[in-house]
Amino acid sequence: MGPLEKVRELAERVASSYGLDIFDVELKREGGQQVLRVIVDRPGPAATPEESVSIDDCARVAEDLGTLLDVEDVMPGEYTFEVSSPGLDRPLRTADDYRRFAGRWAKIVTSEPVQRQTAFAGRVKGIEGGDVLFESEGKKLMKLPLRLIARARLEVEF
């Protein structure tokens, strides 16, 4: 098991004790230094800002996980450690994400054209089989095959 897999395992243990899930674990070079970022999320259908991950949630996970990482000496070398949430403009990755965030505005890019286009903006309506149900800006209901979605992200609505 590599260092990132071990970090994920420890992070899942800590996050679950606070009723949270791990959205992602990443190690990136930023500004000349290594940054270990653990992104926590609230499980289930919680899709409103009031039900999202709080700063206090991140602080608790950071404190507990930071201690475990120090004790177990999982990551070699020097790095900056951060715990955050996926944010209001979070990526959409799985069928569950499209179910959970039905009704929200999103931008989607496909790897192949669907109805002669690859970029879409509109409202997620849910999932049906292997297709994301999507209402475009022109109120046109579309089915975007999940397997063709290269990237998708919620948009912040005001």
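Any read-out appearing in this document is the output of simple, stated calculations on the displayed coordinates, not a laboratory observation. Just so we're clear, the structure is a prediction, and the values are computed from it rather than from any experiment. Heads up, the Cβs are rebuilt from the backbone with ideal geometry, glycines too, and the neighbour counts pull from every protein chain shown.
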Problem - Dipole magnitude of region 95-154, debye to nearest 20 (Cβ charges: Lys/Arg +1, Asp/Glu -1, about Cα centre) - result: 160 debye
Exercise for the section: Please sort by residue number the GluC sites (Glu not before Pro) in region 1-87 whose DSSP state is loop and whose Cβ has at most 11 other Cβ atoms within 10 Å. Expected result: E78
Practice task
Could you name the lysines whose alpha carbon sits less than 17 Å from that of K139, not counting residues in the same chain fewer than 8 places away?
Solution key: K107, K125
Handout entry: Exposed trypsin sites (Lys or Arg not before Pro) absent: longest stretch of the chain, with sites in DSSP loops and at most 16 other Cβ within 10 Å deemed exposed
Key = 1-92
Exercise for the section: Could you tell me how many degrees, from 0 to 90 and to the nearest 10, lie between the Cα long axis of helix 3-17 and the main elongation axis, the longest principal axis, of the Cα atoms of the chain? Expected result: 80 degrees
Handout entry: Per-residue HN-Hα couplings for region 24-29 [Karplus 6.51, -1.76, 1.60; θ = phi - 60°; Hz; x = Gly/Pro]
Key = 6, 10, 9, 10, 10, 8
Practice task
Per DSSP H run of at least 4 residues, take -39500 (n - 2.57); add these up for the chain, divide by its residues and hand me the 222 nm value, nearest 500 deg cm²/dmol.
Solution key: -8000 deg cm²/dmol
Practice task
Mind jotting down a quarter of the surface of the convex hull over the alpha carbons of region 3-84, in square nanometres, one decimal?
Solution key: 5.5 nm²
Problem - FRET efficiency for K140 and M1, using Cβ-Cβ distance with R0 set to 41 Å, rounded to 0.05 - result: 0.30
Practice task
Could you give the size of the charge dipole of the chain about its Cα centre, using +1 on the Cβ of each K and R and -1 on the Cβ of each D and E, expressed in debye and rounded to the nearest 20?
Solution key: 1100 debye
Practice task
Take the alpha carbon gyration tensor of region 95-154, find the square roots of its eigenvalues, order them as a ≥ b ≥ c, and report rounded if a/c is under 1.5; if not, report prolate when a/b exceeds b/c, else oblate.
Solution key: rounded
Exercise for the section: Taking the chain as the reference, fit the longest principal axis to its C-alpha atoms, fit the long axis of helix 55-72 to the helix C-alpha atoms, and give the angle between the two in degrees, 0 to 90, nearest 10. Expected result: 50 degrees
